[in-house]
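See structure below.
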Amino acid sequence: SIVGAGPVERLMYLPDRGAGSAALRDPERGRGVALAWDRTAFPHAWLWQQIGGGGFPWYGRARIVAIEPQSSWPADGLAEAAGRGRAQVLGPGESCGSWLTIALFAADERPVTRVARDGTVER
């Protein structure tokens, strides 16, 4: 719930999310970014942090927190995901579609409870 000062390099899996939305807030600066996504296509999310970590490619110069909607987990490659039945397979001529919404909002101390597909942030 709180991003620390670092250094930290971390990847966390948030499997089978109950909601297809998430938000990052910085109440002190009044900034926030919110995501909403298609849970049918992306039932999971990955949360990763790169805060002052000394490794490639940022060598301690980055302060990054990201939320990535995902179709699978863990991050061990397509062959492993297919072996677990977690890889999406499209046959010849098939297609799939999905949606993702990103919204910037004025953040305060109130927690975000939901982000709608149109980018509306609910608290």
Practice task
Return the calculated 222 nm mean residue ellipticity for the chain, to the nearest 500 deg cm²/dmol, obtained by summing -39500 (n - 2.57) across DSSP H runs with n ≥ 4 and dividing by the residue count.
Solution key: -1000 deg cm²/dmol
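Take every Cα pair under 8 Å in the chain that's 6+ residues apart, average their separations, divide by the length, and report that relative contact order as a whole percent.
On the way: 230 pairs, mean separation 37.2, N = 123.
The value is 30 percent.
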Practice task
Take the solvent-accessible surface of the protein heavy atoms, probe 1.4 Å, and return the percent of it on the chain that carbon and sulfur atoms account for.
Solution key: 53 percent
Exercise for the section: Highest first, please rank the peptides 27-36, 92-101 by the mean number of other Cβ atoms sitting within 10 Å of their residues. Expected result: 27-36, 92-101
Fill in the blank from the handout: Using alpha-carbon coordinates alone, the radius of gyration and Dmax of region 71-123 in Å work out to 17.3, 50
Problem - For Trp37, net neighbour charge (Lys/Arg +1, Asp/Glu -1) across residues whose Cβ lies under 11 Å away - result: +1
Exercise for the section: Please give the contour-minus-distance gain from Arg84 to Glu28: 0.36 nm per residue of separation, less the Cα-Cα distance, rounded to one decimal in nm. Expected result: 15.9 nm
Exercise for the section: Considering Cα pairs under 8 angstrom that are at least six residues apart, work out the relative contact order of region 1-54 and quote it in whole percent. Expected result: 53 percent
Handout entry: Values of log10 I(q)/I(0), in the order q = 0.14 Å⁻¹, for the chain under a Debye, Cα-only, solvent-free model
Key = -0.74
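Per residue, how much accessible surface does the chain expose to a 1.4 Å probe? Answer in Å², no decimals. Let's see the in-between values first.
Values: 8100 Å² over 123 residues.
With all protein chains present, the chain gives 66 Å² per residue.
The values are calculated or read from the model by the stated rules, or taken from the named source; none is laboratory data. As the structure is a computational prediction, the values presented were derived from the model and not from experiment. A quick note on method: Cβ atoms are made from the backbone with ideal geometry, for glycine too, and the neighbour counts reach across all protein chains shown. Note: accessible area is taken over every heavy atom of the protein model, side chains too, but ligands, DNA and RNA are not part of it. Shrake-Rupley method; radii C 1.70, N 1.55, O 1.52, S 1.80 Å.
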